[in-house]
Amino acid sequence: MNVLLIGSGGREHAIAWKLAQSDNLEKLYIAPGNPGTARCGENIPIADDDVEKLVEFAAQKHVTLAIVGPEDPLAAGAVDAFEAAGIKAFGPTAEAAKLEADKAFSKHLMRSSAISTAEARVFDRFPDAKAYIASRDEAVVVKAAGLAKGKGVFVCDDPSDGILAAEKIMLDRIFGDAGDTIVVEDKLLGEEASILAFVDGRNIYVMESSQDHKPIGDGDTGPNTGGMGAYSPAPVVTEKLMDQISREILVPIVDGMNRNGTPYKGVLYAGLMITAGGPRVLEFNVRFGDPETQPVLMRLKSDLLEVCMAVCDGTLDNVTLKWDPRPAVCVVVASGGYPGDYEKGKKISGLDRAARAEDVMVFHAGTRIDNGDLVTSGGRVLGVTALGSDIADAKNRAYGAVDMIKFDGAYCRRDIAHRAIRKNTK
Ligand code: AMP
Ligand code: GLY
């Protein structure tokens, strides 16, 4: 069958790479894709949010299934538009995508579904938010309610920083309309984990656990980024904890979405804090995580296309997912300066050699071809991902490959997977 994948990040390269292994795939189109996805199928120069053109293209090329990677087109109704044109689409409808795109909606649904999350208040007027934050003397977390590319969250140990954050979001409007409403919540302590699950409206199939590294600096210092690396599985998520997460978080939210009249289909991503009192939800995302998808899909042995079709057909109960027991580590190589300003157009070398290393995949994110050369074109440039006999071996292989890749200003964290390695050597 013909498939159209939408997006252009490292996540989409990993999805495209996995789809290309399917016997059921005839032709894979990626819109707009990147130089990595171009090796798995045909890139099509249509922007990921140009829903009308995407649907027109899919109809013309007899696409059976559209897979929507990023949150923006999901929130804009891409799935609704494909389905209206009679094309199967993997991902939630715009109404269901509010689980990520509207943090006030998400909090409300968590509360009515009795799901553990941080205590929170929602504000749409700055003076009210300011008065509330000023009345507290502990740390607060201030979040823009709308989509802000993973950068709309401020963890403030001091309430005065919380007021500044609310001011930037609501008065300076640094995230535009996404900051019309804010959520102010308690700070949770613990270790984070990402749980991704396939959901077909009714059935839930949980994938192997993973952990992201959001801050730019080693030891989790500095500002948050889209994610500087990830690994799978995350030893903090024991089998017992995974059962609890399914029972107390995933099942109730999928039920809650049905009760709300917004049934959920696609990948459901629970961003969790594993606190001393058990798992608590930091956020739900309505898509594959980036960079978690890179190590998770590297370990998936089953046919991803078959799973995506089962999600769309409501037949996930007929599918079995097989996993490579070996752990995988993904190290993101970024442009110097990211997540602040950075330069683009830096020539990248050493990539072919790195990609030839055993059990290593170099997933492209912010790259493009310029006069035949591969150059940088974004903040997060590459996701160098390796399987290993254990987590330390996977990490060494990933960094071995990272060290072969060169471009001006290249930056990566050197401590990806440190928590898992510490746990294993305890
Ligand atoms: P979110 O986009 O809501 O997942 O937030 C981004 C990041 O901010 C999370 O991955 C956490 O590192 C941090 N964060 C968000 N909410 C909280 C919270 N209530 N307590 C502590 N950290 C948080
Ligand atoms: N890795 C975080 C995200 O995908 O939102």
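The values are calculated or read from the model by the stated rules, or taken from the named source; none is laboratory data. It should be emphasised that the depicted structure is a prediction, and the values quoted were computed from it without experimental measurement. Please note: Cβ atoms are built from the backbone with ideal geometry, for glycine as well, and neighbour counts cover all protein chains shown.
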Residues within the range 142-153 that are free of Cβ contacts under 8 Å to residues at least 60 places away in the same chain, within 16 Å of ligand 2 (Cβ to nearest atom) and either part of a strand (DSSP E or B) or within 15 Å of the chain's Cα centre (by Cα) (or both), tallied: 4
Filtered residues of the range 250-291 (kept if touching a Leu at 6+ places or on another chain (Cβ under 6 Å) and away from ligand 2 (no atom under 16 Å from the Cβ)): GLY256, THR275, PRO279, ARG280
Condition met for GLY226 (assigned to a loop (DSSP other than H, G, I, E, B), modelled with pLDDT under 95 and within 16 Å of ligand 2 (Cβ to nearest atom)): yes
Condition check for ALA131: part of a helix (DSSP H, G or I), more than 16 Å from ligand 2 (Cβ to nearest atom) and surrounded by fewer than 19 Cβ atoms within 10 Å (Cβ to Cβ): yes
Pairs where the first residue, in the range 68-92, is closer than 19 Å to PHE198 by Cα and free of Cβ contacts under 8 Å to residues at least 60 places away in the same chain and the second is small (Gly, Ala, Ser) and surrounded by fewer than 24 Cβ atoms within 10 Å (Cβ to Cβ), C-beta under 7 Å, 6+ apart: ASP80/ALA94
Only one of ILE253, ILE249, ILE274 that is within 13 Å of ligand 1 (Cβ to nearest atom) and either aliphatic (A, V, I, L, M) or assigned to a loop (DSSP other than H, G, I, E, B) (or both): ILE274
Counted residues, the range 32-90 - those being assigned to a loop (DSSP other than H, G, I, E, B), charged (D, E, K, R) and surrounded by fewer than 20 Cβ atoms within 10 Å (Cβ to Cβ): 3
Meets criteria (surrounded by fewer than 22 Cβ atoms within 10 Å (Cβ to Cβ), touching a residue at least 60 places away in the same chain (Cβ under 8 Å), touching a Pro at 6+ places or on another chain (Cβ under 6 Å) and not β-branched (Val, Ile, Thr)) for GLY201: yes
Cβ pairs under 7 Å, 6+ apart, first in the range 170-189 and modelled with pLDDT under 95, second within 12 Å of ligand 1 (Cβ to nearest atom) and part of a loop (DSSP other than H, G, I, E, B): none
